[in-house]
Each structure stands twice: as structure tokens, then as C-alpha cells.
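**Q** I am attaching a structure below and will ask some questions about it afterwards.
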Amino acid sequence: MTLHRRSFLAASLAGLATTSLGGCTYEDSIYAAVLDEMTQPVPAKPEIRDLVRYATLAANGHNTQPWQFRAHRDDIVVLPDQARRTPVVDPDDHHLYASLGCAAENLSLAARARGMAGAVRFTPAGQGRVSIQPAPRDESSLFAAIPKRQCSRMIYDRRSVPAHVIRRLAAVASSYDVEGVFVTDAKRMEAILTLVIDGNSRQVDDPAFVAELRDWIRFNPDDAAATRDGLYAASSGNPTMPTWLGRRLFDVFFDKETENDKYAKQVRSSAGIVVFIAASNDKAGWFNAGRAYQRFALQATVDGLKHAFINQPVEVPAVRSALQSLLGIGDRRPNLVVRYGYGPVMPKSLRRSVDAVIV
Ligand SMILES: Cc1cc2nc3c(=O)[nH]c(=O)nc-3n(C[C@H](O)[C@H](O)[C@H](O)COP(=O)(O)O)c2cc1C
């Protein structure tokens with residue numbers, strides 16, 4: 001579901017970029033100011049808005065940021081924002097609730113780091129609630145990694161990850177009754193790649209999917225800083241350019257062969273793949289899958305690893321059943337698929353202001 005997944009722009013188009021990699025334009029400075037605002041450290045005596053700001057740095061589908069936050073005396077509620085659904089790629093809101101889980105996990109880590117309980121529960125009404133009652137301070141390495149975590153949809157350097165690091169990652173990936181299935185064997189990774197390509201091909205053949213994706217792409221830093229959401233082209237290694245041009249080129253050059261080829265290179269450059277499988281196939285389970293992913297991603301960041309989602313096999317129902325067979329998990333629903341390895345740091349995607357998400 002991504003631009004990355006859709007690096008529609010041939011390298012030769014880089015010359016059309018309005019923002020050269022070396023130069024710094026006015027647009028870049030607005031982008032930098034937003035980035036600076038959103039990644040400020042959480043003060044020793046934080047306000048609710050500081051905790052919420054760290055929550056919003058979580059991963060979320062298409063970077064629509066489908067969340068709202070409401071503070072009560074004892075907890076902060078994490079609510080879905082129905083206006084920010086992605087109905088084509090995520091018709092049942094699976095990714096939306098996983099995204100809420102990612103945000104709740106960040107919020108919990110930030111609360112604990114500043115002397116609050118941070119206990120998380122998911123209510124029957126479909127909301128996450130994070131306790132802010134006083135508790136001993138617990139400032140974890142995962143908390144410190146929150147502003148550094150990002151998805152890096154680039155080619156990695158093929159290095160394998162030491163066994164002791166995998167053990168650490170596996171421990172956090174299997175939090176909250178979620179199973180993190182690690183695949184490092186080349187043949188099995190290749191089998192998952194086949195499903196990524198199958199899913200991607202079906203999605204790119206669907207005009208509604210392509211239109212939804214295109215709507216969420218931000219083609220230049222000005223655009224990214226104006227909306228503070230969406231998939232910023234530079235984060236996926238694409239050149240930036242005026243929106244009108246980006247859209248035109250997307251329409252002409254975005255095709256499944258190029259995308260599939262890119263996925264093949266990306267997966268083959270990765271050290272491994274982890275599939276997250278929650279204990280229940282419902283909103284609570286999807287939320288927990290997001291929480292477990294977020295912990296995995298933060299631990300990976302601590303360990304100097306990069307990661308990116310390759311969710312096509314869980315987004316297309318027919319391909320999802322093939323993934324279930326491949327993993328031998330019966331009818332349990334695989335929630336999220338993530339590759340990891342050693343790779344480059346990329347320009348970050350932006351987040352909306354705290355004022356826009358506190359209700
Ligand atoms: C539930 C969920 C599904 C996602 N699916 C994909 C995906 O299929 N492909 C992809 O490249 N990124 C995917 N992402 C990553 C988001 O696009 C990314 O988190 C968002 O753009 C913000 O960027 P950041 O994580 O670098 O801060 C997904 C994230 C979440 C939480």
C-alpha cells in the first residue's frame with residue numbers, strides 16, 4: 001500500500017526534481033521546522049500534549065494518522081478518526097486499529113518514562129486507554145527510540161542479524177499474546193516474496209487502490225509540511241517535485257512490473273521477515289498486533305536495524321490464505337508483515353500538530 005511499494009519514478013526522472021539533494025530551499029526549511037517541533041524531547045514534567053505528541057510519532061497506515069486523543073483524569077483515550085480511514089486498502093479497519101495500537105504503545109512508553117503507570121487496555125467500545133496515574137518512573141531504551149524510529153523502504157545491505165539481537169527482537173515482537181514469526185531462511189523468504197508480488201499485482205490492477213494511494217502521496221516538502229500527513233516521496237527515496245508533475249508522472253510511470261522488481265530487490269536485500277499474528281481476529285487483536293509491531297520497531301531502532309512493511313499478503317484476502325498455508329497457522333489471521341535489515345536513514349515523514357488530534 002505504499003509509494004515505496006510504488007517507486008514509480010525511474011531514476012532518470014531525478015533530474016526533474018525541484019529540490020536537489022544538496023541544496024536547501026525555503027520548502028525544506030518549513031519541513032525542517034515541523035520535524036523539529038514534532039520530535040522535541042518530552043519534558044521532565046510533561047503536559048498531556050507532550051505525551052500525545054510522542055504517541056503520534058507511531059507508525060500508521062499511509063500516514064493518515066487515523067487517531068484522536070482525549071484526556072481524562074486517570075487516562076488518555078486513543079480513539080479512531082473515521083475521517084482518516086483508507087477504505088480500499090483497509091476495508092475492515094484492520095490497519096486502522098493496528099495503527100491505534102502503535103500509538104497507544106508509544107503513549108504508554110512515554111507515560112512510564114515520566115512517572116505514570118502507562119497501563120494499556122482496549123475497551124469494548126473500540127478505544128485504547130492509557131493510564132496516567134502516578135507510578136515509579138521507568139525510562140526505557142524503547143522510549144528513547146521513539147523519535148528515531150522510521151520505516152525505511154530502501155534496499156538493505158544483506159548482512160544477517162546476530163542471533164542474540166534476533167532473540168531480543170523476538171521477545172518484544174511476541175508481546176501481548178501476539179506471535180512474531182521470524183523467517184530468515186532464504187527459500188521461505190522467497191516464498192513470502194512470491195506472495196508480496198501476487199498481492200501487489202492485484203492491488204496495482206485495481207484503479208481504486210491506485211487512486212487512494214495517489215491521494216496520500218506528498219510529492220515535495222512544501223506539500224508534506226502543509227498537510228503534515230501522507231507518504232512523503234523523499235522518505236521512500238523518490239525525488240521531490242511539484243505536485244502537478246508528481247501526479248502526472250505517477251499516472252504514467254506507476255506500473256506493477258517496476259514495483260514488483262523493486263520488491264524483489266528489497267526483500268532479497270533484507271536479513272529477515274517477521275509476521276505478527278495476534279491471538280484474536282478482532283479489533284482488540286489488531287490493536288495488540290500494532291502494539292507488538294511498535295515494540296519490535298523500537299527495539300530494532302535501538303539495535304541499529306531498519307525495517308519496512310510488506311503487507312500485500314495480508315491486505316488481499318486470497319493471498320492472505322496462501323500466507324496462512326505457508327506459515328502453517330491454520331485459520332489464524334496474519335496481521336502485519338515486516339522485513340528488517342541494515343540500511344540507510346531516510347528523510348522522516350511528518351505528523352500533524354497535537355492541537356489537530358486532541359479532542
Ligand atoms: C497497520 C500499518 C500498515 C502499514 N502498511 C504498510 C505497507 O503495506 N507498506 C509500507 O511501505 N508501509 C506500510 N506502513 C507504514 C506506514 O506507511 C508508515 O508508518 C507511515 O507512512 C509513517 O512513516 P514512519 O513509520 O516512517 O514514521 C504501515 C503501517 C501500519 C501501522
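**Q** For a quick check, take a GNM of the chain with Cα springs below 10 Å and name the residue from 264, 322, 83 with the largest mean-square fluctuation.
**A** Maximum fluctuation in the GNM of the chain, among the listed residues, is at 83.
**Q** How much of the accessible area of region 240-282, in percent, comes from carbon and sulfur atoms when a 1.4 Å probe is used?
**A** Taking all protein chains in place, region 240-282 shows 54 percent carbon and sulfur surface.
**Q** Just order 237-245, 193-201, 37-45 by mean Cβ neighbour count inside 10 Å, highest at the front, would you?
**A** Final packing ranking: 193-201, 237-245, 37-45.
**Q** Tell me, what HN-Hα J-couplings in whole Hz come from the Karplus equation 6.51 cos²θ - 1.76 cosθ + 1.60 at θ = phi - 60° for each residue of region 68-73, using x for Gly and Pro?
**A** Karplus-based 3J(HN,Hα) across region 68-73 equals 9, 10, 10, 8, 10, 4 Hz.
**Q** Same structure again: If the elastic network links every pair of Cα atoms under 10 Å, which of 178, 345, 314 fluctuates the most in the Gaussian network model of the chain?
**A** 345
**Q** With all protein chains present and a 1.4 Å probe, how do 214, 228 order by accessible area, largest first?
**A** Largest accessible area first, the list is 214, 228.
**Q** Per DSSP H run of at least 4 residues, take -39500 (n - 2.57); add these up for the chain, divide by its residues and hand me the 222 nm value, nearest 500 deg cm²/dmol.
**A** For the chain, the value works out to -13000 deg cm²/dmol.
**Q** Here is a follow-up. Report the Cα centroid-to-centroid distance between region 240-275 and region 103-153 in angstrom, as an integer.
**A** 33 Å
**Q** Rank 247, 291 by accessible area, highest first, at a 1.4 Å probe radius?
**A** Sorted descending by solvent-accessible area, the residues read 247, 291.
**Q** Here's another thing I want to ask about it. Among rounded, prolate and oblate, which fits region 32-72 when a ≥ b ≥ c are the square roots of the eigenvalues of its C-alpha gyration tensor, a/c under 1.5 means rounded, and a/b larger than b/c means prolate?
**A** Oblate.
**Q** What is the extension gain from residue 201 to residue 48, computed as 0.36 nm multiplied by their sequence separation minus the C-alpha to C-alpha distance, in nm to one decimal?
**A** 50.7 nm
**Q** Would you mind telling me which residue in 36, 229, 157 has the biggest mean-square fluctuation in a Gaussian network model of the chain, where springs connect alpha carbons within a distance under 10 angstrom?
**A** Of the options given, 36 has the highest mean-square fluctuation.
**Q** Going by amide H atoms built from the backbone, whose H comes under 5 Å of the H on residue 306, apart from near neighbours?
**A** Excluding prolines and chain starts, which carry no amide H, the hits are 341, 342, 343.
**Q** Per residue of region 192-207, in order, report the coupling 6.51 cos²θ - 1.76 cosθ + 1.60 (Karplus, θ = phi - 60°) as ³J(HN,Hα) in whole Hz, putting x for Gly and Pro.
**A** 5, 4, 4, 6, 4, 5, 4, x, 4, 4, 5, 5, 5, 6, 9, x
**Q** Of 125, 165, 307, whose Cα points farthest to the positive end of the dipole of the chain (charges on the beta-carbon: +1 Lys, Arg; -1 Asp, Glu; origin at the Cα centre)?
**A** About the Cα centre, the residue reaching furthest to the positive side is 165.
**Q** Now for a separate question. From the mean inverse distance of alpha carbon pairs (Kirkwood) and the Cα radius of gyration, derive Rg over Rh for region 98-214.
**A** We get a ratio of 1.05 for region 98-214.
**Q** Follow-up question, since we're still on this one. Using the Karplus equation 6.51 cos²θ - 1.76 cosθ + 1.60 (θ = phi - 60°), what ³J(HN,Hα) coupling, rounded to whole Hz, does each residue of region 99-105 give in order, writing x for Gly and Pro?
**A** 5, 4, x, 4, 5, 5, 5
**Q** Between residue 335 and residues 5 or more places away or on another chain, which pairs have amide H atoms under 5 Å apart, with H built 1.01 Å from N, and which residues are they?
**A** Residues meeting the criterion, in which the H sits 1.01 Å from N, are 276, 277, 278.
**Q** Whose amide H sits under 5 Å from the amide H of residue 67, counting only residues 5 or more places off or on another chain, with H placed in the peptide plane?
**A** 81
**Q** I've got another one for you. For the chain, what size does the Cα cloud have along each of its three principal axes, sorted from largest down, in whole Å?
**A** Cα spread of the chain along its principal axes, largest to smallest: 56, 52, 38 Å.
**Q** Keeping every protein chain in place, order 321, 99 by accessible area at 1.4 Å, biggest value first, i.e. largest first.
**A** Values: 321 55, 99 5 Å².
Ranked list, largest accessible area first: 321, 99.
**Q** If the convex hull of the alpha-carbon atoms of region 197-307 is projected onto planes in all directions, what is the mean projected area in square nanometres?
**A** Spelled out: convex hull of the Cα atoms, projected over all directions, averaged, 9.0 nm².
**Q** Give me D for region 252-357 in µm² s⁻¹, whole number, from Stokes-Einstein with Rh from the Kirkwood sum over alpha-carbon pairs, 20 °C and 1.002 mPa s. Could you put the intermediate results ahead of the total?
**A** Numbers: Rh = 15.8 Å.
Result for D is 136 µm²/s.
The values are calculated or read from the model by the stated rules, or taken from the named source; none is laboratory data. All values derive from a computational prediction rather than experimental measurement. Ideal geometry is used to build each Cβ from the backbone, glycine not excepted, and the neighbour counts take in all protein chains shown. For the accessible areas, the whole protein counts, side chains as well, though only heavy atoms, and no ligand, DNA or RNA atoms are used. Shrake-Rupley method; radii C 1.70, N 1.55, O 1.52, S 1.80 Å.
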